[in-house]
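Have a look at the structure below before the remarks.
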Amino acid sequence: MNKQLNLGPPIDELLDRLYAQHASQSEAMESYYTTRAKESSLDWNTMDARMNEFLSDKLVALDRNKAEFCYQVCRSLRARRIVEAGTSFGVSTLFLAAAVRDNVGAAGGKGIVVATEHEPNKVKAARANFAEAGLVQFIELREGDLRQTLADVGGPVDFMLVDIWTPMARPALELVAHRLREGAVVICDNTEQFRYAYNDYFAFVNDPANKLRTMTLPFEGGLEFTVRCG
Ligand SMILES: C[S@@+](CC[C@H](N)C(=O)[O-])C[C@H]1O[C@@H](n2cnc3c(N)ncnc32)[C@H](O)[C@@H]1O
C-alpha cells in the first residue's frame with residue numbers, strides 16, 4: 001500500500017484543495033465529452049475551438065499517483081533542469097518543483113522547472129499557487145504558446161513532463177529532445193487511452209535517430225516512460 005507523499009504543510013493543503021477543485025469539475029467534463037461523442041464531433045487529433053474554449057478554465061490535473069511517480073523519478077535522477085509542457089493551475093508543477101527543491105536541498109546548487117501555459121487565467125492561478133506553496137524560486141513559468149516558449153529551454157534537461165493537449169505533444173518533445181541528457185526521462189500522459197491521437201508522437205519517439213527508448217506503464221490511461229539512450 002502506498003503512503004501518500006508529503007511535500008510540506010502548505011503544499012499538501014494546497015494540493016488537497018486543487019485536487020478537490022479538479023474532482024468538482026469531472027461531472028461537467030464527463031457530460032461534455034458524452035455530448036460531443038453523441039454528436040460524433042469529438043476529435044482528439046485536432047482539439048477544435050469549442051473544446052479549447054470548454055477546457056479553458058478546467059484544471060485537467062495530472063492524477064495524484066502519476067504526479068507522485070514523477071516526483072520519485074525526479075528524485076532518482078537528481079533532476080535539476082525539468083521542462084513541463086502544460087501547466088494549467090500548476091498541480092503537476094508543484095510536485096516537480098518540490099523534487100527540485102529536495103534535490104537542491106540534499107546536494108546544494110541550483111535547479112529549475114521551466115513550465116509553460118497559454119491560457120492567461122490559468123497562468124495567473126498557477127502563479128498564485130506557486131507563491132502559496134513557497135516554490136516560486138524553483139519555477140520559471142513561461143506564458144504563451146509552447147511552440148515559442150519552449151524554443152530554448154537551456155540544458156542539459158534531466159526530466160520532461162508532457163501533459164498537454166495531444167496535438168501539441170510531439171511539437172513539445174521535438175523542441176526539447178536535443179537538450180535531453182543521456183538517461184533523461186520523458187513522461188507523457190494517457191498514451192494508451194489516446195493512442196491514435198499520439199501517432200505522430202510515437203513516430204518521433206520510435207525514430208532511431210532520436211535515441212529514445214519507450215514503454216507504456218500501466219497507470220490508468222497509460223503513462224509513457226521514455227528514456228534518452230545515448
Ligand atoms: C492537461 S493540462 C495540464 C495539467 C497540468 N500538468 C496539471 O497537472 O495541473 C494541459 C494544459 O496545456 C495547456 N496548453 C494547451 N496547448 C498549449 C500550447 N500550445 N501552449 C501552451 N499551453 C498549452 C492547456 O491550456 C492546459 O492547461
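The values are calculated or read from the model by the stated rules, or taken from the named source; none is laboratory data. These numbers come from a predicted model, not from an experiment. Cβ: placed from backbone, ideal geometry, glycine included. Neighbour counts: every protein chain shown.
Hey, can you tell me all the residues within region 63-88 that are among the β-branched types (V, I, T) and buried (at least 21 other Cβ atoms within 10 Å of the Cβ)?
Answer for region 63-88, where residues must be among the β-branched types (V, I, T) and buried (at least 21 other Cβ atoms within 10 Å of the Cβ): I82, V83, T87.
May I ask you to say which residue of V91, V136, V114, V60 is surrounded by fewer than 20 Cβ atoms within 10 Å (Cβ to Cβ) and under 13 Å from the mean Cα position of the chain (by Cα)?
The conditions single out V60.
In region 109-152, what residues are near the ligand (Cβ under 9 Å from one of its atoms) and of a type outside the set (A, V, I, L, M, F, W, C)?
Those that are near the ligand (Cβ under 9 Å from one of its atoms) and of a type outside the set (A, V, I, L, M, F, W, C): T116, E117, H118, E119, K122, R142, E143, G144, D145, R147, Q148, T149.
Being under 19 Å from R195 (Cα atoms), surrounded by 20 or more Cβ atoms within 10 Å (Cβ to Cβ) and either hydrophobic (A, V, I, L, M, F, W, C) or out of contact with any Leu (no Cβ under 8 Å at 6 or more places or on another chain) (or both) is the filter here; which residues of region 141-167 pass it?
Correct list: L161, V162, I164, T166.
If you take the residues of region 62-74 that are near the ligand (Cβ under 9 Å from one of its atoms) and touching a strand residue (DSSP E or B) at 6+ places or on another chain (Cβ under 7 Å), which of them is nearest to D163 (Cα to Cα)?
My answer is L62.
Between V186, V205, which is under 20 Å from Y71 (Cα atoms) and either of a type in the set (A, V, I, L, M) or not assigned by TED's automatic domain parsing to the domain that holds I112 (or both)?
None of the others qualify; the one that does is V186.
If you check L59 against the conditions, is it within 11 Å of the ligand (Cβ to nearest atom), closer than 21 Å to I187 by Cβ, in a helix (DSSP H, G or I) and in contact (Cβ under 8 Å) with a residue 40 or more places away in the chain?
Criteria not met by L59.
Mind checking whether some residue in region 78-87 is more than 12 Å from the ligand (Cβ to nearest atom) and in a helix (DSSP H, G or I)?
So far as region 78-87 goes, no, none of its residues is more than 12 Å from the ligand (Cβ to nearest atom) and in a helix (DSSP H, G or I).
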